[in-house]
1. Taking the conditions exactly as written (in a loop (DSSP other than H, G, I, E, B) and open to solvent by less than 40 Å² (accessible area, probe 1.4 Å)), does Val470 satisfy them or not?
2. Give Glu480, Glu428, Glu467, Glu451 a once-over and let me know the one that is without any contact (Cβ under 8 Å) to a residue 24 or more places away in the chain and either outside the structural domain of Leu693 (by the TED database) or acidic (Asp, Glu) (or both).
3. Step by step: first the residues of segment 244-259, then only those that are open to solvent by 50 Å² or more (accessible area, probe 1.4 Å) and touching a Ser or Thr at 6+ places or on another chain (Cβ under 9 Å), then the one that is modelled with the lowest pLDDT. Which residue is that?
4. Which residue pairs have Cβ atoms under 8 Å apart, sit 6 or more places apart or on different chains, and have a first residue in segment 5-17 that is open to solvent by 10 Å² or more (accessible area, probe 1.4 Å) and a second that is in a helix (DSSP H, G or I)?
5. Need at least 3 residues that are open to solvent by 70 Å² or more (accessible area, probe 1.4 Å) and of a type in the set (Lys, Arg) per element, so show me which helices (runs of 4 or more DSSP H) inside segment 279-369 make the cut, counting only ones lying wholly within it.
6. Take segment 563-600 and flag every residue that is more than 20 Å from Gly226 (Cα to Cα) and touching a Leu at 6+ places or on another chain (Cβ under 9 Å).
7. So which helices (runs of 4 or more DSSP H) are wholly in segment 87-198 and hold at least 3 residues that are of a type in the set (A, V, I, L, M, F, W, C)?
Amino acid sequence: MAAQPKTLRDRQIASIGRVLNLNQSPPQPTDEQQDQSGNGLLSHSTPILNSDGEPIWKVLVFDDMGRDVISSVLLVKDLRAWGITINLPITTTRHMIPDVPVIYLVEPTPQNLQIITSDLARSLYSPAYVNFLSSIPRPLIEDFASQTASTGTAEHIAQLYDQYLNFIVTEPDLFSLGMGKDTYWTMNSAQTSDEALDANIDRIVSGLFSVAVTEGTVPIIRCPKGGAAEMIAAKLDRKLRDHVVSSKENLFSGQNQKNASSMGTPASRPVMIIVDRNVDLIPMMSHSWTYQSLVHDILKFHLNQITVDVPKEDKSGKIEKKTYYLDARDFFWSKNAEAPFPQVAENIDTELTKYKEETQEIMRKTGASSIEDLEADTSASAQHMKAAITLLPQLQERKRVLDMHMNIASALLQGIKDRQLDNYYQLEENITKQTKAQMLDFIKDNEKGTEPLDKLRLFIIWFLSTEQEVTRADMEKFEELLREAGADTAALTYIKRVREITRMTMMSSGPTQPAQQPANEIIRGFSSLSNRLTDRFKDAGLGTNIESLISGVKNFLPANKDLTLTKITESLMDPQNAEQSALRMTEHYLYFDPRSANARGTMPPASQVRNQGSNAPGSGRGIEASFGQRRQGFTEAIVFTVGGGSMDEYGNLQEWAKRSAGVPGAPSAGPRRRVVYGSTELVNAEEFVTGELAKLGRES
């Protein structure tokens, strides 16, 4: 069986493993090991050994960014496998551990360099392996050298490396730059200084450069004219170009490059698509129906961690909070994250039934009364007991994962019921068909959920999507009703300003396949499912009425439809099959090829960042794409949004990539496509509307 292509998460884990192994490359796993793990993690780690053949035990010290980078892909037990016995934040009080190597994984800041120098001067650890998450600027490295010389600590430093890891990976091909929840505000506020804008642009360029290094290939860069996207593309083009030209042995040559094709034709390299968030604001506020989007919206998902209210195990009826970590080892999350919630509920039931059947078979063979009794039971035959004990850890882990997802699904179901998210989702599926009168009636209805923010989100989506004229009097009426419902309408002042921009860039999309049932059938299906799920979760999900459950689920699986960003991506990756509206929109996208002497541009001024719709002649920009470049196809893409990312967009892009490839092996199957999605920060709807949009509205 052919090995699956490596994801961004696979590559980042490999890079972190090299750091933890004192920058020596760990043994490469065989295809068999990769297939067994199936999650991008090595089935076993091999830490570096000393001259006596013993593992070298190490201390890991990190700053906030280093913590987020590591914790999103590795657990404490993974660190232990690499010989990390203690891991500590750099800002905490730390005690001397003499003659123990320390690995620093930090951002290159003056504060971090001062702390490292202080640690070495006090001989807390020795030797030190200093790893910067991004390239350290020349003034800082000179200052660090001066501090090291003045304190006489040079002998304690064994290595000093730029690692290019200043981005956070939370899903196989999903990353963020960890720039905070206010990046959209910073990039669009009139109060932001040019210096602050430049600092944000430089941080984004640094992060995208690191992603390209981790991917091991120099991308073609495409972006619209004007705004932050053009400035980022121009600066990134220059940074990549300078690096590639400066030396034959660089981060994209030899063993560092992904494969030989990265030196070949542009089509064999990925395309990096950089767009401003204002190209489409709707995914930042929409109510979705997929598992990962609901988790992100209802349970405040952050760095793969969520906190859920669950009943106490002592059956006292009291509620306790549990924190769950959804990582690469979670087989259920890996398979179902992008699936519609009703399908997830069905799959939980299927997996639990399968688990019950397997445990009953083991108990039948061994004579044990339960799985827990196996370890203490000596009456079973030796052969059956050995087989059972071998399977026991796997079965217990599967049961733990399924119990966790039952609790998560129960919490989601409660949130859906309380907020009536099924109503909002269905209405947004056909939002352009809603009249002003229908929207007014919906906002006035006090029975539509318990969260006023949901009504505000729905109205903004309708306002940005509708072709109907909305007069000032209409707006005042909508705002009055929203305030009466309990919503903060400060965001609407800003939304009115950007409506014309987003209406020019947004591309409405009909379903690629029709829905199977009318809306009233869908709502009935949801009610039926929610009742059954509630009952089934009470007895661990092992009921018998599976046929009725499936019929209820299938009534309201969502129809496929492509978001604006997906259409843009399709027009640049697969122009032969893209819609004409998308091709027209991307026809004038700028084209940068850092390996070409021609496809380069001048640097636009910082003030242009705020001028999102500028296509003025004479502004600094890259080259216009030729007809051949516009019709050039790609099998891999890195899609980046400036100002916040949406879990909906990530899921939609992954679904399109699978759909466009067709059935593997079939005569009509297209090339396997891979899309990496990234943003300055993943932001949920509440943070985006009540934080950034409201703040911009109050400034207007």
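1. Yes.
2. After ruling out the rest, the residue left standing is Glu480.
3. Asn259
4. Arg11/Thr214; Arg11/Glu215; Ser15/Thr214
5. Because the criterion is at least 3 residues that are open to solvent by 70 Å² or more (accessible area, probe 1.4 Å) and of a type in the set (Lys, Arg), the helices (runs of 4 or more DSSP H) in segment 279-369 that meet it are 341-366.
6. Scanning segment 563-600 gives Leu563, Thr566, Pro575, Ala578, Arg595.
7. Filter on segment 87-198 gives 110-121, 138-151.
Residues checked against (1) open to solvent by 10 Å² or more (accessible area, probe 1.4 Å); (2) out of contact with any Leu (no Cβ under 6 Å at 6 or more places or on another chain):
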position	(1), (2)
Ile103	no, no
Ile116	no, yes
Val130	no, no
Ile136	yes, yes
Ala145	yes, yes
Ser150	yes, yes
Gln191	yes, yes
Asp194	yes, yes
Ala199	yes, yes
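The values are calculated or read from the model by the stated rules, or taken from the named source; none is laboratory data. Computed from a predicted structure; not experimentally measured. Glycine gets a Cβ as well: all are built from the backbone with ideal geometry, and neighbour counts include every protein chain shown. Heads up: the accessible areas ignore ligands, DNA and RNA and are worked out on the full protein's heavy atoms, side chains in. Shrake-Rupley method; radii C 1.70, N 1.55, O 1.52, S 1.80 Å.
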